[in-house]
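Asker: Encoded as structure tokens, here's the structure I'll be asking about.
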Amino acid sequence: GARARPVKKVLLDGLRPVTSYQRVFNSRVLEALGTIAGLVRAQGSELHTLEPRLNRMNAAIATIDVAIDEVSEQVRDLEDRFAAVEAVSEGADRLDPMGRRIELQSLLSRIQVLEAKIGRVRRSAESSAAADDGAGAGAARVAENTTAAMRAIDVGFDSDDARLYADLEDTFRGSRADVRALLEPYVVDVEAIGSTATVIDIGCGRGEWLEILRDHDVPAYGLDLNPLTVADCTERGLDAREGDAVAHLRDLPDDSVAAVTGFHIAEHLPLRDLLDLIEAALVALVPGGVLILETPNCTNLTVGASSFYLDPTHVKPLHPQLLEFLCRQRGFDAVEVRYLHPRKATQSERTLATQRGSLPPGMLEEINWALFGPMDYAVIATKAEAG
């Protein structure tokens, strides 16, 4: 060893420029390995979350494929029927004009229902694509499609204050007996459908309409997002369910519901949600079924400029002509606007009546309508009968 020491010294002195950096080199290698390990873990985590996203996407694609097949089949059927009508039209002198008009109207109604289905498929695809663009974008799209009754509870009141909104309705909506009296006339519209299918009440609230339907042996259930009102209805033996109205209607089979009703719900909805509700109801209703939407009458200035804002969850008043137009434009065959609940004559109205002779013709009627006219109106939209 002693003899080799000089040789070792020479070797170590010669290698010192390399070995002096070994510790730094080893540290850098370990740091790089740690970074690579972190990236591998991150990629593994992302792959873990990617699998359920791919599964959801595949499920959405399968659903859309089924819907597209159904729509394509109906398009082919409509093309065949149009071809038949066109062939018959060549001999129009031998064709009953009334029969021809009925046939064309039936085809038009079916096309409108088909358009609603196509719109539903398109929005479903858009929602799936948005969900796969990121959790934040998907959540925003889902929130955008939330419906009226549900949105009403969330505007200004959190889940802990659901009782506050229920109390607000109890205070300003009227007693249970009063509300039942206002809703009872709609039984005639439901019974006129002549179907044993179910009636669905959107935003069923305290359940007065469900009670009336039960008393008339009409199968029905209600939907609401307020868990307290759903629980109250359930305790009284009514079928009330907590859930989103549009999503629920879209999950139902086509042509399976006798009527969809919503009393003082439409004014809680943004336009996109209202259109989604109308379209979903059109597809779910049986031929001849009805959509009934009752809402405050903003053409009564006392309502439109004052009492409408007693409920802080209202979005904005809906003009009767607008709601009628939306139902017709979205494919309903017949739409009736029914004005309801005029105010009782006041001293002011009686005083105005004594001035009839001093007012220009028609002015008294316009003033009475604007100040003392119907406080609500209903749109009763009927789906076309089967051809």
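Asker: For Ser306 and Thr171 in the same chain, what is the full-extension length gain: residue separation times 0.36 nm, less their Cα-Cα distance, in nm?
Answerer: 47.0 nm
Asker: So how much slack lies between Arg41 and Ile61, counting 0.36 nm per residue of separation and subtracting their Cα-Cα distance, in nm? Spell out each step's value before the answer.
Answerer: Details: separation 20, 0.36 × 20 = 7.20 nm, distance 3.02 nm.
My answer for the length gained is 4.2 nm.
Asker: So, one more: Can you give the three extents of the C-alpha atoms in segment 163-273 along their principal axes, from longest to shortest, in whole Å?
Answerer: 37, 31, 27
Coordinate-derived values only; no laboratory data. Owing to the predicted nature of the structure, the values given are computational and were not obtained by experimental measurement.
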